[in-house]
1. Here is a check on your reading of the model: is residue 162 farther than 14 Å from residue 322 by Cα, touching a helix residue (DSSP H, G or I) at 6+ places or on another chain (Cβ under 9 Å) and away from ligand 1 (no atom under 16 Å from the Cβ)?
2. Determine which member of the set 399, 388 is without any contact (Cβ under 8 Å) to a residue 12 or more places away in the chain, more than 11 Å from ligand 1 (Cβ to nearest atom) and over 9 Å from the mean Cα position of the chain (by Cα).
3. Testing residue 242 on (1) surrounded by fewer than 20 Cβ atoms within 10 Å (Cβ to Cβ); (2) away from ligand 2 (no atom under 16 Å from the Cβ), one condition comes back false. Which one is that?
4. Of the residues that sit in the stretch 284-294 and are touching a residue at least 12 places away in the same chain (Cβ under 8 Å) and surrounded by fewer than 24 Cβ atoms within 10 Å (Cβ to Cβ), which one is farthest from residue 230 (Cα to Cα)?
5. Exactly one condition in (1) within 16 Å of ligand 2 (Cβ to nearest atom); (2) out of contact with any helix residue (DSSP H, G or I) (no Cβ under 7 Å at 6 or more places or on another chain); (3) in a loop (DSSP other than H, G, I, E, B) is false for residue 394; which is it?
6. Report every pair of residues separated by at least 6 positions or lying on different chains whose Cβ atoms are under 7 Å apart, first residue within the stretch 196-208 and over 16 Å from residue 355 (Cα atoms), second more than 14 Å from ligand 2 (Cβ to nearest atom) and not in a loop (DSSP other than H, G, I, E, B).
7. It is to be established whether one or more residues within the stretch 236-253 are touching a strand residue (DSSP E or B) at 6+ places or on another chain (Cβ under 9 Å) and within 28 Å of residue 322 (Cα to Cα).
8. What are the residues in the stretch 1-31 that are surrounded by 20 or more Cβ atoms within 10 Å (Cβ to Cβ), within 18 Å of residue 54 (Cα to Cα) and in contact with a helix residue (DSSP H, G or I) (Cβ under 9 Å, 6 or more places away or on another chain), if any?
Ligand code: ADP
Ligand code: MG
């Protein structure tokens with residue numbers, strides 16, 4: 001790993017260190033519903049505080065339109081950070097304006113300030129290089145060095161992720177280093193048997209990962225909304241379930257490739273079919289090749305893998321040395337359709353080896369279902385970033401940190 005690490009920045013005592021975190025947490029009515037990303041930022045922040053740096057935290061939250069929008073304020077996040085660090089955290093009401101300048105000025109050695117949402121400024125995500133660079137230059141005035149630790153955004157060419165690293169001395173934080181270490185173990189000589197479990201809503205989101213991982217895995221288990229495109233590719237009717245017709249040929253190609261490579265492709269043998277897409281919809285379990293024969297006929301929608309499938313998946317997972325899981329097995333947001341996801345999550349906690357959960361919804365699912373983070377080898381904080389890494393893509397936010 002050629003990534004520049006924190007020690008490459010030398011002594012940070014008294015220096016203003018901008019830390020690009022990914023504090024993009026889910027909020028409901030101003031309350032954080034999953035603080036996993038705030039917790040994941042703590043090791044780096046504590047290391048910088050202990051080194052006597054003046055810590056300037058920046059992050060995005062949600063998708064405001066390049067202008068201030070109170071519902072996306074980072075203030076509740078700053079508050080949570082203060083509770084988790086057990087020390088005061090100052091908050092600036094803007095990102096690069098008067099409030100930010102005076103808050104940074106007032107930050108003492110070992111002190112910490114959170115700047116307001118980066119995306120309240122159009123320059124953060126601008127496609128135009130000059131606009132982005134101008135915003136990065138404004139940010140650079142607030143710091144002497146940059147620590148990039150927002151793993152969830154390293155696949156984005158954005159001002160704080162990409163351009164800023166070209167202006168200030170920069171290095172990767174501990175979270176990025178950990179994430180890369182784990183992802184490396186999933187792509188370079190993973191311990192075998194190596195099982196990848198894919199689910200989630202769309203096959204089209206995961207095609208690149210399937211293509212890149214097929215030559216590396218022993219087993220590929222397919223659940224979630226994408227399973228129906230696989231079943232349809234094998235010639236089964238799927239009623240009104242999620243189906244991406246335009247991906248059928250691609251999926252047939254993967255099925256053939258798996259066979260050629262000797263990869264065990266495990267598709268569901270039973271699914272839970274519902275009368276409609278609703279938490280309280282009527283539902284029943286049917287064989288995967290008899291979805292249209294459920295009582296709901298052609299209007300039935302498959303919302304979870306069935307219990308036999310879940311048990312087979314669990315067995316394959318438990319018998320593996322390396323497991324990567326991305327994408328819930330069903331619509332876990334509705335308790336009636338969360339059983340498959342729960343069984344798979346449970347099996348991951350029983351792996352004697354490396355178990356990794358990737359993807360924003362998958363991470364939220366395991367927490368929502370009551371599993372604590374430490375029962376998994378690693379829960380990635382970056383959905384899109386970890387998938388792009390596993391697709392073998394070059395990520396701009398890592399390349400600027402010396403990653404090759
Ligand atoms: P991640 O964020 O972990 O990468 P995705 O975004 O790909 O996962 O997919 C998550 C979504 O997939 C969840 O909101 C879940 O409700 C949905 N999903 C899972 N199974 C189905 C299904 N059978 N039909 C429709 N949506 C599904
Ligand atoms: Mg998602």
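1. Taking the combined requirement at face value, the residue satisfies it.
2. Sole residue among the options that is without any contact (Cβ under 8 Å) to a residue 12 or more places away in the chain, more than 11 Å from ligand 1 (Cβ to nearest atom) and over 9 Å from the mean Cα position of the chain (by Cα): 399.
3. (2)
4. Applying the filter and picking the extreme gives 284.
5. (1)
6. Final answer for the pair search is 203/229; 203/247; 203/251; 204/247; 207/250.
7. no
8. Residues satisfying the conditions are 6, 12, 17, 18, 19, 20, 21.
The values are calculated or read from the model by the stated rules, or taken from the named source; none is laboratory data. Quantities reported herein were computed from a predicted structural model and do not represent experimental measurements. With ideal geometry, Cβ positions are generated from the backbone for all residues, glycine too; neighbour counts draw on all protein chains shown.
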